[in-house]
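Asker: Pasting a structure here, questions to come.
The values are calculated or read from the model by the stated rules, or taken from the named source; none is laboratory data. Everything numeric in this text was worked out from a predicted model, so none of it was measured. Cβ coordinates were reconstructed from backbone atoms using ideal geometry, including for glycine residues, and neighbour counts include every protein chain displayed. We work out accessible area using only protein heavy atoms, side chains counted, and drop any ligands, DNA or RNA first. Shrake-Rupley method; radii C 1.70, N 1.55, O 1.52, S 1.80 Å.
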Amino acid sequence: MTTSSKGLFKASVVAVSVAAASSAYSAGFALNDHSATASGAALAGAAASTSDISFSFWNPALFTNAESTTFVASGAYVMPSMDVTVNSSTDATTGSLGTEATDDSVDNSLVPALYFAKPISDKTVAGISLNVPFGLSGDYGQEWSGRLHATETGIQDIALSFALAHRVSERLSVGASLQLHQAEVILESAVGAPNHPTLQEGIGRIEADATGVGFSVGVMFEPVKGTRLGAGYRSEVDFDFEGDVKYTNVTAALAANNSLENADVTDSITFPSVLTLSVEHDLSDKLTLGLSAIRTGWGSMDGINIDFDSNQANSVLSFGFEDQWMYSAGVNYVYSDKLTLRTGIAMDNSPVTDEYRSARTPDGDRKWISVGATYDFNDMTSASFAFTHVMIEDVTVNRDGSLTEDASRGTLNADYESSANVFSASVTMAF
């Protein structure tokens, strides 16, 4: 692949939002719907809640919410929308590629989460969880004017966690987990120079996977009755991706000019850490206020360097990501013995800077508005529901050729308008 195609692997593995704010639930390409209960209040109080064990994603100490053997199955259906207006685009020979945009370039996605907790003593709980911390996919198609920058991108990171949580006292609980991660990525783009008389263009596609290991630690403290403070930390995860690149419809001249050949590829990337700080305060017997501040260490992903097991030179793509915070506030209201209502708002800041924003990272700041509810069928079974509308800042991708990494991609100027709706549901069963 040329720099454009190589940048593929880099940009997507790291930017996963693909065509967009496809990763609607969180800035960058993190996924934040791991609990329908938490989503109903926009993650307010996520590291300090006593609601159920699904909050253990943000703070493993919250597995102590299980008083008996407990199972939670949660899922979110993310429906992103993105409108792309291409203002101009050229290939590496400065020939215009037109202003053709693309429809339906972001895909609806189902984000599952599973939790199982079993008390092994009066104070200690063992827990297992399965989550998708990072992911989503999108497809611009192979005809749009920005195809030299990106066509298809897909990524999925699945994490299996093994946790122990211990209630030190009535006021203090601690917890920790070990996480095993499996990540897969599919990256595709056009390569070449469509306006050149002999080079023309083809398609380059990368498929790669990797495993990684991470951990989390957390604490929940209730200094006074009715006020809970929580903190949880999920570590960075290092991945060494291995896979292959395959080319189709590449002319002999293009292959010779750019040393394009099917080959193995490798690259290393570090997915970011996540720090969650939360407080919950019982304003009354029925009303609880929650607040959260979540810091994602996107700065660990400053760029990518992909190595081709061929004569192609390594290709570098800069991300320029910055560490960012998400802030949320919400309330839970106990309407009756069986029904609890909740709502929340959040501001989720994007790690992408204007200088490095690309067709693979057309990311903008997000605002959430969430509502939700939990219904207790009996002492053993309950169901939670949530709806979140995500408003995403309009952004412009302006790759004007000033970055060396765009030498073979050409230029692209495009405006993005995005939003998303997320429906979440979960079932909790105690035995």
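Asker: Would you call Arg357 open to solvent by 10 Å² or more (accessible area, probe 1.4 Å) and under 26 Å from Val84 (Cα atoms)?
Answerer: Considered against the rule, which asks whether it is open to solvent by 10 Å² or more (accessible area, probe 1.4 Å) and under 26 Å from Val84 (Cα atoms), Arg357 comes out as yes.
Asker: Any residue in region 58-66 that is out of contact with any helix residue (DSSP H, G or I) (no Cβ under 9 Å at 6 or more places or on another chain) and surrounded by fewer than 24 Cβ atoms within 10 Å (Cβ to Cβ)?
Answerer: No, every residue in region 58-66 fails to be out of contact with any helix residue (DSSP H, G or I) (no Cβ under 9 Å at 6 or more places or on another chain) and surrounded by fewer than 24 Cβ atoms within 10 Å (Cβ to Cβ).
Asker: Hey, another quick one. Restrict the check to region 65-81 and report whether at least one residue is of a type outside the set (A, V, I, L, M, F, W, C), closer than 30 Å to Gly410 by Cβ and either in contact with a strand residue (DSSP E or B) (Cβ under 7 Å, 6 or more places away or on another chain) or part of a helix (DSSP H, G or I) (or both).
Answerer: Checking region 65-81: at least one residue is of a type outside the set (A, V, I, L, M, F, W, C), closer than 30 Å to Gly410 by Cβ and either in contact with a strand residue (DSSP E or B) (Cβ under 7 Å, 6 or more places away or on another chain) or part of a helix (DSSP H, G or I) (or both).
Asker: For residues that are of a type outside the set (A, V, I, L, M), under 25 Å from the mean Cα position of the chain (by Cα), part of a strand (DSSP E or B) and more than 27 Å from Thr69 (Cα to Cα), tally how many sit in region 84-126.
Answerer: Total satisfying the criteria: 2.
Asker: Looking at the structure I just gave you, is Ile345 in contact (Cβ under 8 Å) with a residue 60 or more places away in the chain, open to solvent by 60 Å² or more (accessible area, probe 1.4 Å) and among the aliphatic types (A, V, I, L, M)?
Answerer: yes
Asker: Could I ask something else about it? Name, by its number, the condition in (1) open to solvent by 20 Å² or more (accessible area, probe 1.4 Å); (2) touching a Pro at 6+ places or on another chain (Cβ under 8 Å); (3) under 29 Å from Ser259 (Cβ atoms) that does not hold for Val397.
Answerer: In the conditions (1) open to solvent by 20 Å² or more (accessible area, probe 1.4 Å); (2) touching a Pro at 6+ places or on another chain (Cβ under 8 Å); (3) under 29 Å from Ser259 (Cβ atoms), Val397 misses (1) alone.
Asker: Something else now. Answer with yes or no whether Gln179 is touching a residue at least 40 places away in the same chain (Cβ under 8 Å) and either over 30 Å from Gly226 (Cβ atoms) or among the acidic types (Asp, Glu) (or both).
Answerer: Values: touching a residue at least 40 places away in the same chain (Cβ under 8 Å): yes; either over 30 Å from Gly226 (Cβ atoms) or among the acidic types (Asp, Glu) (or both): yes.
For Gln179, the condition - touching a residue at least 40 places away in the same chain (Cβ under 8 Å) and either over 30 Å from Gly226 (Cβ atoms) or among the acidic types (Asp, Glu) (or both) - is met.
Asker: Residues Ala66, Ala73: which one is of a type outside the set (Ser, Thr, Tyr) and within 28 Å of Val390 (Cα to Cα)?
Answerer: After applying the criteria, what remains is Ala73.
Every residue, every condition in (1) crowded, with 16+ Cβ neighbours inside 10 Å; (2) touching a strand residue (DSSP E or B) at 6+ places or on another chain (Cβ under 8 Å); (3) touching a residue at least 60 places away in the same chain (Cβ under 8 Å); (4) not in a helix (DSSP H, G or I), yes or no:
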residue	(1), (2), (3), (4)
Tyr247	yes, yes, yes, yes
Leu254	yes, yes, yes, no
Asp264	no, yes, no, yes
Thr276	yes, yes, yes, yes
Val279	yes, yes, yes, yes
Ser292	yes, yes, yes, yes
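Asker: State which residue is surrounded by the most Cβ atoms within 10 Å (Cβ to Cβ) when the search covers only region 409-431 and only residues that are part of a loop (DSSP other than H, G, I, E, B) and on the phi < 0 side of the Ramachandran plot.
Answerer: The qualifying residue surrounded by the most Cβ atoms within 10 Å (Cβ to Cβ) is Arg409.
Asker: Would you pick out the residues in region 209-227 that are outside any strand (DSSP E or B) and either surrounded by 17 or more Cβ atoms within 10 Å (Cβ to Cβ) or touching a strand residue (DSSP E or B) at 6+ places or on another chain (Cβ under 6 Å) (or both)?
Answerer: Result: Gly226, single match.
Asker: Taking interchain pairs and intrachain pairs at least six residues apart, which have beta carbon atoms under 7 angstrom, with the first residue in region 99-118 and closer than 15 Å to Ile158 by Cβ and the second assigned to a loop (DSSP other than H, G, I, E, B) and open to solvent by less than 20 Å² (accessible area, probe 1.4 Å)?
Answerer: These pairs meet every condition: Val111/Leu31; Val111/Asp33; Ala113/His34; Ala113/Ser35.
Asker: For region 20-33, give me each residue that is more than 8 Å from the chain's Cα centre (by Cα) and either at pLDDT 95 or above or within 24 Å of Ala101 (Cβ to Cβ) (or both).
Answerer: Selection gives Ala20, Ala21, Ser22, Ala24.
Asker: Then there's this: Does region 40-51 contain at least one residue that is part of a helix (DSSP H, G or I), buried (at least 24 other Cβ atoms within 10 Å of the Cβ) and touching a helix residue (DSSP H, G or I) at 6+ places or on another chain (Cβ under 6 Å)?
Answerer: no
Asker: Which one of these does Ile203 not meet: (1) in contact with a Ser or Thr (Cβ under 6 Å, 6 or more places away or on another chain); (2) over 30 Å from Asp104 (Cβ atoms); (3) aliphatic (A, V, I, L, M)?
Answerer: Result: Ile203 fails condition (2) only.
Asker: Let me ask you something else. All but one of (1) open to solvent by less than 10 Å² (accessible area, probe 1.4 Å); (2) assigned to a strand (DSSP E or B) hold for Asp363; state the number of the condition that does not hold.
Answerer: Among (1) open to solvent by less than 10 Å² (accessible area, probe 1.4 Å); (2) assigned to a strand (DSSP E or B), the lone unmet condition for Asp363 is (2).
Asker: Could you tell me which of the residues Ser284, Ser259 is farther than 25 Å from Arg409 by Cα, surrounded by fewer than 22 Cβ atoms within 10 Å (Cβ to Cβ), out of contact with any Phe, Trp or Tyr (no Cβ under 7 Å at 6 or more places or on another chain) and of a type in the set (S, T, N, Q)?
Answerer: Unique residue meeting the criteria: Ser284.
Asker: Here's another thing I want to ask about it. For region 187-208, check the following and say yes or no: at least one residue is modelled with pLDDT of 95 or more, of a type in the set (S, T, N, Q) and open to solvent by less than 70 Å² (accessible area, probe 1.4 Å).
Answerer: Scanning region 187-208 turns up no residue that is modelled with pLDDT of 95 or more, of a type in the set (S, T, N, Q) and open to solvent by less than 70 Å² (accessible area, probe 1.4 Å).
Asker: Just to be sure I understand, how many residues within region 312-334 are open to solvent by less than 70 Å² (accessible area, probe 1.4 Å), without any contact (Cβ under 8 Å) to a residue 60 or more places away in the chain and within 18 Å of the chain's Cα centre (by Cα)?
Answerer: 2
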